[in-house]
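The values are calculated or read from the model by the stated rules, or taken from the named source; none is laboratory data. Bear in mind the structure is a predicted one, so any value in this text is a computation, not a measurement. Virtual Cβ from ideal backbone geometry, glycine too; neighbours counted across all protein chains shown.
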Amino acid sequence: MQEDLRVVFESRNRQSCSDRALVLAAAQVPHQLVDDGMTAALVVPAEYSARAVHELRLYDDENPPVRPKQRKKIVYQDAAPGLIGYVFVVSAIAWFAGYSVFGHDWFEAGRVDGELIRRGEWWRTITALTLHSGPRHLIGNLVFGLLFGLFAGRLLGSGVAWLAIIAAAATGNAANTLLLESAHRSVGASTAVFAALGLVAGFVWRGQFMAQDRWSYRYGPIVGGLALLMYTGTGGPNTDIGAHLFGFVCGFLAGILLIALGPVPTDQRSQRVAGGLAILLVATSWVVALQA
C-alpha cells in the first residue's frame with residue numbers, strides 16, 4: 001500500500017471498523033485496518049479516500065445505529081386517599097352487617113346470588129365486594145387490597161384507580177355468575193383485590209412502561225400478575241377461584257382500556273370526581289339493595 005494514506009473511519013469499537021472494512025473490500029477499495037489497542041481505524045490511499053468516504057456514507061445511511069427504546073417515565077400519584085377510603089368503606093360495612101344496622105340482613109341483601117343477578121339485581125355485583133364472612137376474611141382482603149391498591153393508586157391516582165377497580169370487579173362478579181354457575185353465592189372484596197392486580201398488570205404492559213428490548217421485560221407484568229394470582233388466589237377450600245380469575249382478567253382489560261383511551265387525567269379535580277363516582281356507585285348500590 002502507498003505511503004500517502006488517509007483515515008476514512010475511526011472508532012473504539014473494532015467490530016465497527018471490521019464491518020466497514022468488508023464494505024470497502026466489496027467496493028474494491030484498497031484499505032488497511034489499524035488497531036493500536038485502544039482505537040481502530042481504516043486507512044486508504046489518498047486517491048481512494050473520496051470513494052471510500054462515499055461508500056461508507058452509503059453504508060451508514062442504509063444501516064442507521066440501533067438505539068434501544070427508552071423506558072417511559074412513570075409519574076407516581078398519591079395513593080393514600082384511595083387506601084384510606086377502601087379501609088373505611090370495607091370496615092364500616094363489616095360493622096353495619098355485623099350489627100344488622102337499620103334492621104336489615106346485609107348479607108342477604110348484598111351478597112352475590114347468581115339467580116337473583118340473572119333476574120336483574122345488578123347491585124349485588126358491587127355490594128358483595130364490601131361484605132366478609134368473618135374477621136380473618138376481612139383482614140386478609142384489607143391487607144392485599146392495600147398492597148395492590150397502593151400499586152394501582154400510584155400509577156393511576158386514587159380516584160381513577162378505585163373507580164376502575166370497582167367497575168372491573170363488578171364485571172368480574174357478573175361474569176363469574178353468568179358464565180360459570182347460576183346458583184353461585186359469595187361475598188368478599190377479593191374480586192376487587194385481584195381486579196386491582198390485573199389493572200396494574202394490564203396498564204403497565206400495554207403502556208410499555210418496562211424496557212421493550214427483551215421478551216422477559218415485555219411480558220414481565222403479565223407473568224408477575226399471573227404468578228401472584230396463582231400464589232394468593234387459588235388456595236383454601238372456600239376460595240372463589242372463578243371470582244379471582246375473572247376479577248384479574250377484567251382488571252387487566254380495564255388497564256388496557258385506560259391506555260387506549262389516552263392519558264389518564266392526574267389533576268386533583270379529575271381524581272376527586274372519579275373518586276366521588278366510585279363512592280357514589282357503592283353507596284347507590286347499597287341504597288338499592290336495602291330497599292329492594
Among 188, 198, 153, the single one that is in a helix (DSSP H, G or I) and at pLDDT below 95 is 198
Run residue 274 past the list (1) modelled with pLDDT of 95 or more; (2) surrounded by fewer than 21 Cβ atoms within 10 Å (Cβ to Cβ) and report the number of the one that doesn't hold. (2)
For region 115-130, which positions are in contact (Cβ under 8 Å) with a residue 12 or more places away in the chain, surrounded by fewer than 20 Cβ atoms within 10 Å (Cβ to Cβ) and farther than 13 Å from residue 288 by Cβ? 115, 118
Considering only region 30-40, state which residues are part of a strand (DSSP E or B) and crowded, with 16+ Cβ neighbours inside 10 Å. 40
Would you confirm whether or not region 44-63 contains a residue that is in contact (Cβ under 8 Å) with a residue 24 or more places away in the chain, of a type outside the set (S, T, N, Q), part of a strand (DSSP E or B) and not assigned by TED's automatic domain parsing to the domain that holds residue 133? yes
Can you name the residue in region 77-114 that is farther than 13 Å from residue 149 by Cα and hydroxyl-bearing (Ser, Thr, Tyr) and, of all such residues, is nearest to the chain's Cα centre (by Cα)? 91
Expected single match for among the hydroxyl-bearing types (Ser, Thr, Tyr) and surrounded by 18 or more Cβ atoms within 10 Å (Cβ to Cβ) among 76, 99, 86, 59 is 86
Of the criteria (1) under 30 Å from residue 165 (Cβ atoms); (2) charged (D, E, K, R); (3) touching a strand residue (DSSP E or B) at 6+ places or on another chain (Cβ under 9 Å), which one residue 51 fails: (1)
Cβ-Cβ below 8 Å, separation at least six or inter-chain, first residue in region 248-277 and touching a residue at least 12 places away in the same chain (Cβ under 8 Å), second of a type in the set (D, E, K, R) and in a helix (DSSP H, G or I): which pairs? 255/206; 256/206; 259/206; 260/206
State yes or no: is residue 20 in contact with a helix residue (DSSP H, G or I) (Cβ under 6 Å, 6 or more places away or on another chain), free of Cβ contacts under 8 Å to residues at least 40 places away in the same chain and charged (D, E, K, R)? yes
Matching option when the condition is among the small types (Gly, Ala, Ser) and not assigned by TED's automatic domain parsing to the domain that holds residue 127, among 92, 40, 97: 40
Just the residues that are touching a strand residue (DSSP E or B) at 6+ places or on another chain (Cβ under 8 Å) and among the small types (Gly, Ala, Ser), please, taken from region 85-115. 114
